[in-house]
1. Anything in the stretch 7-39 that is closer than 30 Å to Val92 by Cβ and exposed (fewer than 15 other Cβ atoms within 10 Å of the Cβ)? List them, or say none.
2. Restricting the search to the stretch 200-237, which residues are among the acidic types (Asp, Glu) and either part of a helix (DSSP H, G or I) or over 30 Å from Val163 (Cβ atoms) (or both)?
3. Where residues in the stretch 539-567 are among the small types (Gly, Ala, Ser) and touching a Pro at 6+ places or on another chain (Cβ under 8 Å), which of them is modelled with the highest pLDDT?
4. Going through the stretch 542-554 one residue at a time, which ones are surrounded by 22 or more Cβ atoms within 10 Å (Cβ to Cβ), not in a strand (DSSP E or B) and not charged (D, E, K, R)?
5. Pick from Leu263, Leu301, Leu287: which is of a type outside the set (Gly, Ala, Ser), modelled with pLDDT under 90 and under 30 Å from Met440 (Cβ atoms)?
6. Are any residues in the stretch 402-417 modelled with pLDDT under 80 and surrounded by fewer than 19 Cβ atoms within 10 Å (Cβ to Cβ), and if so, which ones?
7. Tell me which residues, restricted to the stretch 104-126, are at pLDDT 90 or above and either small (Gly, Ala, Ser) or farther than 18 Å from Asp53 by Cα (or both).
8. Kindly indicate whether Thr270 is assigned by TED's automatic domain parsing to the domain that holds Leu335, more than 31 Å from the chain's Cα centre (by Cα) and of a type in the set (S, T, N, Q).
Amino acid sequence: MHLTDNINSLPGVGYRYAALLSLLGIETVKDLLNYFPSYYKDSSTVGMLSELDKIQKRTVNATLVKLKNIRLRNGKFIQKGTLTDGEVELNVTWFNQPYLTKSLVPPIDLLISGKLNPKSTKPELTSPEYEIVRSGDYENIHIGRIVPAYPLTKGITSKWLRVKIKYLIDNIDQIEDLVDQLPLIIREKYKLLELTDALKFIHFPQESKDITEARRRLGFDELLNIQKILIENSLKIKTQPAFSISINNGTMEKIKTKLPFTLTESQNTTIEEIHNDIGKPHPMRRLLQGDVGSGKTIVALLGLLPVLENGYQVVLLAPTGILAQQHYQSISKLLDKKYKISLITKETYNELETKSQLLIGTHAILKHKSELIHNLAMVIIDEQHRFGVEQRRELLELKSNNKVPHLLQLTATPIPRTVALTLFGDYQVSKIYPPKERKMIRTFLVPEQKRADSYDWIKNVVNNKGQAFWIFPAIEESEKMQIKNLEQSYPIIEKLFNEFQSDVIHGKIKADIKDKKIEQFAKGKTQILVSTTVVEVGIDIPGANLIIIESAERFGLAQLHQLRGRVGRNNQNACCLLYFNENKEEVRNRLEFFAKNTDGIKIAEYDLNRRGPGEVYGIQQSGLPNLKIARFSNLEQLKQVQEASEILYRK
């Protein structure tokens, strides 16, 4: 047997079942071997019939001594039988399974799992699961043990799939090309199972610790494969040619004098790292990670400046038109018309923009790449996780003179170091921090019963030259979720706070109208801006000092952290109010942790352990495989895998 053998080469798997298994992504022996359980049912404790009750499902070992089919008036059958364990007799009933009288011929020993019929006055088992107890070295696989449960599709039953996987596990030594690729030195160093043992335990564990150890080994392999790919990519990049950019610090120093602040040590260090990278003859691949308010834009600008001075082109890609416009305005002001800069969005593109050195825009740049791109030496992608891997690849394939552009990716999403190395192991990672003197944004939880009391406080803040964001998780009412929505709530806010100028924006409003509304808010003509999470990134309103977030329990903590970062950007006193509807202890604990912490990394680690990476880190769009076993929240294992990858793959 070989891992690449078609699945229909296994006994009992014909073409019909092979077609059904393909719907589950199972086409080869390897696919079936790596089709891991989604959960387990523990029926390993086997008791007596007298221990059965009407509340909890239990497992018993009993003999079926009677069984007969009874025809009902509607033409269907029920199967009535009697079980005994030598001490107690008990009636058992199955429904519409007439074949049972042929497959279960009394007397026959069974493992039975079920609970007593709650509607019956006499003790009776109804529709229990069962498995025949066979003699010899036969191992029960459906009941009386820790039982694996797999995702299914119509036409595939749990028992059928379990039997096929058990056959594979029993014959695992016959799979000729199943070789443990992990060297003994690594297995011993991290106390990992051999591969065959891990596969046996993940499918058919004898005890719960078997599952833990199997997951640890298989998860290690999964993450190590990712690290191998990333390291190979990193080595490959070093063989590709890029524009080698010479650095002249004169212009950069002039721009620094225009800034209303002094650059932090981490900003200066990162700018130097970028300049060192782009001075090399192979492409830069750098991830710039900066918490909210840390000043990534100015670092990106000073990083790209030498490219413009050398006469080459730069593309700065932003996920939204609002963010692109803000970059365009701030960068244009600092560069003071020294270079031709164009804003390229769906609304602003025109054919006159074809000779620009610096293109700032959305994915609209990609639609017009043939007209816009020439002599491209550097690509900067802001909020990189919002772009698909194909969009990024499309830009990097735009070679000029057969040279690959340098790439700088920016993210405001806090990523723990070990996670960053796993997601971006083929990148150099720079981290910048907000200025130490920046004031902490105070965060308060407001349960529903305190909502009315908070309104006077909000009015007082706005009356004192304040501005407020009011954030909703959804535009419209949802039948599935009982949450506050913008559409119903905005008229109420408008009425309650009618002494202030308020406005509303969301994803369904046209971009040009949305931009005008934000401009009015930035100028202070609007005091309260009601919005969905379209303001999560890139909205810089210096006067905003209050953000109110509705149904806060519906957001991940990393997203709440992004939203909170929209206020206090002028180093003024600022506050965040979290309204929440679910008063569960878990919800309150989570929000209280957020309220007490402003360190993005701590918040991300807390969120990661409870929610997983999901959309927070854009795993689906990163080009990495989905994890079956490993967890990005297991920081200890990530660190071990990174150590192992350095030993195995860094030559």
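The values are calculated or read from the model by the stated rules, or taken from the named source; none is laboratory data. Quick caveat, the model's predicted, so the values are computed rather than measured. Neighbour counts run over all protein chains shown; Cβ positions are idealised from the backbone, glycine included.
1. The initial filter retains those residues of the stretch 7-39 that are closer than 30 Å to Val92 by Cβ, namely 12, 37-39.
Correct list: Gly12, Ser38, Tyr39.
2. Hits for the stretch 200-237 are Asp210, Glu213, Asp221, Glu222, Glu232.
3. Ser551
4. The one that is surrounded by 22 or more Cβ atoms within 10 Å (Cβ to Cβ), not in a strand (DSSP E or B) and not charged (D, E, K, R): Ala552.
5. Working: Leu263 fails: modelled with pLDDT under 90; Leu301 fails: modelled with pLDDT under 90.
Criteria check complete, one pass: Leu287.
6. Quick first cut of the stretch 402-417, residues modelled with pLDDT under 80 only: 412-417.
Listed by number, the residues that qualify are Pro416, Arg417.
7. Within the stretch 104-126, Leu104, Val105, Pro106, Pro107, Ile108, Asp109, Leu110, Ser113, Gly114 qualify.
8. On the way: assigned by TED's automatic domain parsing to the domain that holds Leu335: yes; more than 31 Å from the chain's Cα centre (by Cα): no; of a type in the set (S, T, N, Q): yes.
So Thr270 fails the test.
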